[in-house]
Each structure stands twice: as C-alpha cells, then as structure tokens.
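What follows is a short report on a single structure.
Just so it is clear, none of the values below were taken in a lab; they were calculated from the coordinates. Since we're looking at a predicted model, the values are computed, not measured. Here the Cβ positions follow ideal geometry from the backbone for every residue, glycine too, while neighbour counts run over all protein chains shown.
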Amino acid sequence: MDSIDYIGFDIHKKTISFCAKEQDGGTLEEGVIPARRADLKVWAQKRARPWKGAMEATLLTGWVYDFLKPLAAESRIVRSAGGRPLAGTSPR
C-alpha cells in the first residue's frame, strides 16, 4: 500500500498554517504558507507523496478548498466541533 500524508490547514486572511502527518500519526512537517495561490501551488507541488487535506469551515475557506481540491488525493471542509465533513466535501 502506498503511503499517504494527512494535512490539516488553519486558514487566515494572510497566511495558511499547516501540519502534515504520516499514516502512523508522526508529524512530518509544520509551517506557514502565504495565503496566495502561487505560493500554495508551489507548496502543493513539492509534496513528495499523495495527501489528504482538511480545513475548518470559515469565510476564507472557499477559495483554498477549490484551489487545493485538484491537487490533493482528497480534500474536506469540516465543522470546527468534531471534525465531521460538511455535505458535499467528502468523496462518495
């Protein structure tokens, strides 16, 4: 089975914080990306393995989700309480 990374995003107006974890739960990387499409694309293309991303539903989430969706193995928007996916953001 191929390895896949799990990445959580915390989206702010000017920055996007992230934490990437391996399947066993070990932390791979933590960092901050400028909240610009060009910077996000460079960051996503440097990922060595396929990844699944999750981000909290906020006013700023929409463009990030739309931008990352084709670059990720899976991308989800979750509610802040409990991490449950919102309708339409998980694969069927």
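The simple Förster model, with R0 at 25 Å and r as the Cβ-Cβ distance, assigns SER80 and LYS14 a FRET efficiency of 0.75. Descending by average beta-carbon neighbour count within 10 Å, the peptides 61-69, 34-42 line up as 61-69, 34-42, the highest first. I need the shape label for the chain. Rule: rounded when a/c is under 1.5, else prolate if a/b > b/c, else oblate, with a, b, c from the alpha carbon gyration tensor. Here the chain falls in the rounded category.
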